[in-house]
1. Whenever you get a sec, line up Phe44, Phe17 from highest to lowest accessible area (probe 1.4 Å, protein heavy atoms).
2. Given R₀ = 25 Å, what would the calculated FRET efficiency be for Tyr78 paired with Ser47, taking r from the Cβ atoms and rounding to 0.05?
3. Rounded, prolate or oblate: pick one for segment 25-64, where a ≥ b ≥ c are the square roots of the eigenvalues of its C-alpha gyration tensor, a/c under 1.5 means rounded, and failing that, prolate if a/b is larger than b/c, else oblate.
4. Can you pull the Kirkwood radius for the chain, inverse mean 1/r over Cα pairs, to one decimal in Å?
5. Specify the longest stretch of the chain that does not include any exposed loop site, a site being one of the GluC sites (Glu not before Pro) with a non-H, G, I, E, B DSSP assignment and at most 14 other Cβ atoms within 10 Å.
6. Ranked from the most accessible area to the least, with a 1.4 Å probe and all protein chains present, what is the order of Val87, Val37, Val94?
7. Collect residues whose amide H, placed 1.01 Å from N in the peptide plane, falls under 5 Å from the amide H of Ile53; neighbours closer than 5 in sequence don't count.
8. For Lys97, Lys63, write out the residues from largest to smallest accessible area, computed with a 1.4 angstrom probe and no ligands counted.
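The values are calculated or read from the model by the stated rules, or taken from the named source; none is laboratory data. Computed from a predicted model, the values in this text were never measured in an experiment. Here Cβ is always computed from backbone atoms with ideal geometry, including for glycine, and neighbour counts include all displayed protein chains. Note: areas computed on protein heavy atoms with side chains; ligands, DNA, RNA excluded. Shrake-Rupley method; radii C 1.70, N 1.55, O 1.52, S 1.80 Å.
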Amino acid sequence: MREVCGAFSGCTMMAGFISPADDPSVMDSRKANYALVQEFAAAFRESNGGSIICRELLGLQAKAQESPAPSERTAEYYRKRPCSAIVEQAALIVAEKLKELYA
């Protein structure tokens, strides 16, 4: 649907592993998790033109309704997609945090 980038969603999942908030009554854990997600979002935006939104990262205009039919996956289709570079940036953001915490 071209909403939140899947690579950024992966960062938020990793934030749950790095700083879990598995008991909703423990406010300090929730605060630490939220802070980490915000840190990841800021780093992701800085690395990717200020957005965490897929269609913006792809340079697409918002449509009222997108067809459920997928685009044909050709060499040209993949040439226009920055997804592998964005996934790499997301992984580096998480890796840098892990290095900071555990090195």
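1. Phe17, Phe44
2. My answer for the efficiency is 0.75.
3. Verdict is oblate for segment 25-64.
4. 15.2
5. 4-65
6. My answer, sorted largest first, is Val87, Val37, Val94.
7. Amide H neighbours of Ile53, under 5 Å, 5+ apart: Cys5.
8. Lys63, Lys97
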